[in-house]
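Read through the structure below, which is laid out as structure tokens, and then see the notes.
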Amino acid sequence: MKVSVCMATYNGAEYINEQIYSILKQLSYQDELIISDDGSTDNTIDIIKNIHDNRISLFKNCKKKGVAHNFENALSHATGDYIFLADQDDIWIDNKLSVIIKELENVDCVLHNAYLIDKDGNLLGNDLFSIYKTRPGYFKNLFRNTYVGCCMAIRKELLKYILPIPDKISMHDMWIALIAEKKGTTKILPDKLIQYRRHGNNASTTSKKSNFSFYFQLKYRLTMFYNTLIRN
């Protein structure tokens with residue numbers, strides 16, 4: 001079975017080198033690391049190109065900007081049987097790949113827990129599931145999403161429902177989670193398989209209270225519901 005790891009990057013120079021190597025050491029020679037960059041203005045691209053590994057494929061996101069469509073671009077190039085999502089600033093635990101692959105033999109989507117670390121890599125003494133109050137279920141996660149993309153992996157069969165990501169969807173992890181809950185089978189693992197870095201530039205807010213109005217949040221969830229309903 002071939003593995004595709006899909007990473008979205010944007011101005012990630014500070015941490016991306018460590019993350020890439022934490023992934024590559026778990027991949028076999030036939031696996032691939034697909035990286036989509038959203039127009040970085042720092043030296044992120046140079047760092048990636050200086051890692052001379054044939055398993056890395058780098059693509060520019062020429063579609064709609066933003067994290068969801070940056071991941072969409074990466075996913076559209078994936079050729080593996082099992083597809084993992086990865087952020088640019090985390091660190092994979094050494095047994096992540098082997099643990100998740102075993103689970104994907106029986107389900108379509110796996111979500112695992114994570115250690116929390118600060119910007120300097122120090123453990124924060126908490127875990128992602130305890131913050132998110134993670135639970136399965138389509139309507140539960142439509143009301144309040146508890147799936148975090150960098151902790152998710154899917155079978156390739158789900159891609160036909162996931163892609164393309166609708167233009168009005170800005171949260172790729174919520175979209176993928178709802179598709180998986182509706183169209184496939186999911187499993188939530190308590191295993192902490194990455195170090196999830198929390199710092200000021202995170203694309204994810206890690207369950208902080210939303211600044212959006214109630215009306216906006218309701219409209220967004222109705223948009224999610226409608227699009228997952230019509231996706232065949």
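The values are calculated or read from the model by the stated rules, or taken from the named source; none is laboratory data. Being a predicted model, the structure only gives us computed values, none of them experimental. For neighbour counting, all protein chains shown are included, and Cβ atoms are generated from backbone atoms with ideal geometry for every residue, glycine included. Please note that ligands, DNA and RNA were not included when accessible areas were found on the heavy atoms of the full protein model with its side chains. Shrake-Rupley method; radii C 1.70, N 1.55, O 1.52, S 1.80 Å.
Worth pointing out:
- Considering residues of the range 154-201 that are aromatic (F, W, Y) and open to solvent by less than 20 Å² (accessible area, probe 1.4 Å) only, the residue nearest to N232 (Cα to Cα): W175
- The residues of the range 4-14 that are open to solvent by 30 Å² or more (accessible area, probe 1.4 Å) and either over 24 Å from K64 (Cβ atoms) or in contact with a Gly (Cβ under 8 Å, 6 or more places away or on another chain) (or both), listed by number, are Y10, E14.
- Single residue of the range 110-130 satisfying the filter (aliphatic (A, V, I, L, M) and open to solvent by 40 Å² or more (accessible area, probe 1.4 Å)) that is nearest to N145 (Cα to Cα): L124
- Some residue of the range 197-211 being within 17 Å of the chain's Cα centre (by Cα) and either among the basic types (K, R) or at pLDDT 95 or above (or both): yes
- Options L142, L158; residue that is in contact with a Phe, Trp or Tyr (Cβ under 8 Å, 6 or more places away or on another chain) and assigned to a helix (DSSP H, G or I): L142
- Of all residues in the range 5-27, those satisfying the criterion of being touching a helix residue (DSSP H, G or I) at 6+ places or on another chain (Cβ under 8 Å) and either more than 16 Å from I101 (Cβ to Cβ) or in a strand (DSSP E or B) (or both) are V5, C6, M7, A8, T9, Y10, N11, G12, A13, I16, N17, I20.
- Qualifying residue in the range 88-104 (condition: assigned to a loop (DSSP other than H, G, I, E, B), of a type in the set (A, V, I, L, M) and surrounded by 17 or more Cβ atoms within 10 Å (Cβ to Cβ)): yes
- Among the residues of the range 29-82, the ones that are open to solvent by 10 Å² or more (accessible area, probe 1.4 Å), among the hydroxyl-bearing types (S, T, Y) and either at pLDDT below 95 or not in a strand (DSSP E or B) (or both) come to 5 in all.
- Checking every residue in the range 161-168 against the condition of being part of a helix (DSSP H, G or I) and farther than 24 Å from N11 by Cα gives at least one match.
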